[in-house]
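Note sheet for the following structure.
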Amino acid sequence: MNKVDIVVNEAKKLLKENPFDVGHDLSHHTMVWRLAKRITKNIDEKIDMDALKTACLWHDVVVTKLPTKDVLLKTKMTDDSLEYLVVLLKKYKFSKEFINKVVIAKKYHHFDEKPRSVEGKILWDADKLGVLGLNRWQRFIQAEKNGKIPKSFVSYYASTFKEKYLKTMRNRLHFKYSKILHDEMILRLIKSKEGRATAKRFSWDLKSALPK
Ligand SMILES: [Fe+2]
């Protein structure tokens, strides 16, 4: 096994044992990596695919096992995995340049951040586009029904989606192809019965996110 796979497998293990929540679990990370690969195939830039894969699979990993119901505090907790990841990358003797690429991409992937590298821009776009996947919303709704996550989590995510993602995300995507994917994914939600029901439940105006 090559050392990138060893480091990626460590992320997968942590994501199975201690996911941030149902929307930031292993399936979210693999979806982000899938979307990132689609973006890379459709842009004309030099990309370090190993650094991108590592950043995609580690971006929302949490290492600290502090149970908290405060979603904002949990968001801060994803930053603790950055130090852990750097130690791991040093252990496997990755170059300083490689470690820097992964750190810069992961560190600035949050919605309100501006990514500072091409790998960071791809991760930012893939992660935000991940919000348009219906399965993820269904996992949230199911977890709420089963009492696995507090009601405030789902309503927090749903209103953030409405106020931030639907209104500003498309403009902030970094590549033309990311915008194509965005429109395709919004249309898929609109065309699906479950997508329309989810939009109705959270009062989302999905069409408003499409270009006029
Ligand atoms: Fe994410």
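Taking springs between alpha-carbon atoms closer than 10 angstrom, which of Asp25, Asp112, Asp60 fluctuates most in the Gaussian network model of the chain?
Among Asp25, Asp112, Asp60, the largest GNM mean-square fluctuation belongs to Asp112.
Charges at C-beta only: +1 for Lys and Arg, -1 for Asp and Glu. How large is the resulting dipole of the stretch 118-212 about its Cα centre, in Debye rounded to 20? Mind showing how you got there, number by number?
Values: 22 positive and 9 negative charges, 62 e Å.
Once rounded to the nearest 20, the dipole reads 300 debye.
Cross-link list Lys90/Lys114; Lys121/Lys179; Lys101/Lys179: which exceed 19 angstrom alpha carbon to alpha carbon? Working shown, then result.
On the way: Lys90/Lys114 26 Å; Lys121/Lys179 13 Å; Lys101/Lys179 24 Å.
Over 19 Å Cα-Cα: Lys90/Lys114; Lys101/Lys179.
Which of Ala199, Ala126, Phe153 sits closest to the plus end of the dipole of the chain, meaning its Cα is farthest towards the positive end, when Lys and Arg get +1 and Asp and Glu get -1 on the C-beta?
Value: Ala199.
What ranking do Trp137, Trp58 get, fewest neighbouring Cβ atoms within 10 angstrom at the top? Walk me through the numbers on the way to the answer.
On the way: Trp137 24, Trp58 28.
Result, fewest neighbours first: Trp137, Trp58.
With a point put 7 Å past each Cα toward its Cβ, work out how far Tyr177 is from Gln138 in nm, to one decimal.
2.8
May I ask you to work out the translational diffusion coefficient for the chain at 25 °C, viscosity 0.890 mPa s, via Stokes-Einstein with Rh from the Kirkwood sum over Cα pairs, reported in whole µm²/s?
Details: Rh = 17.7 Å.
Rounded to a whole number, D works out at 139 µm²/s.
Could you point to the residue in Thr30, Ser95, Pro115 farthest towards the positive end of the stretch 3-209's charge dipole, with +1 and -1 charges on the Cβ of Lys/Arg and Asp/Glu respectively?
About the Cα centre, the residue reaching furthest to the positive side is Thr30.
Pick from Lys167, Lys179, Lys193 the residue whose mean-square fluctuation is largest in a GNM of the chain, springs joining Cα atoms under 10 Å.
Greatest mean-square fluctuation among the candidates belongs to Lys193.
Please rank Met49, Met169, fewest neighbouring Cβ atoms within 10 Å first, as an exposure proxy.
Details: Met49 12, Met169 20.
Ranked by crowding around the Cβ, least crowded first: Met49, Met169.
When the dipole is taken about the Cα centre of the stretch 3-209, and only Lys, Arg (+1) and Asp, Glu (-1) are charged at their Cβ, what size is it in debye, to the nearest 20?
480
Return the aspartates and glutamates within reach of Lys151: Cα separation strictly under 16 angstrom, same-chain partners fewer than 8 residues apart disregarded; answer none if there are no such residues.
Of all the aspartates and glutamates, those that pass the test against Lys151 - Cα under 16 Å, at least 8 places apart if same chain - are Asp21, Asp70.
Below 8 Å between Cα atoms, with a sequence gap of 6+, how large is the relative contact order for the chain in percent? Each step should come with its number before you reach the end.
On the way: 224 pairs, mean separation 43.2, N = 212.
The normalised contact order for the chain reaches 20 percent.
Every read-out reported here was derived from the displayed coordinates using simple, explicitly stated rules and does not represent laboratory data. If you're wondering where the values come from, they're calculated on a predicted model, not measured in any experiment. All Cβ positions, even for glycine, are placed from backbone atoms using ideal geometry, and neighbour counts span all protein chains on display.
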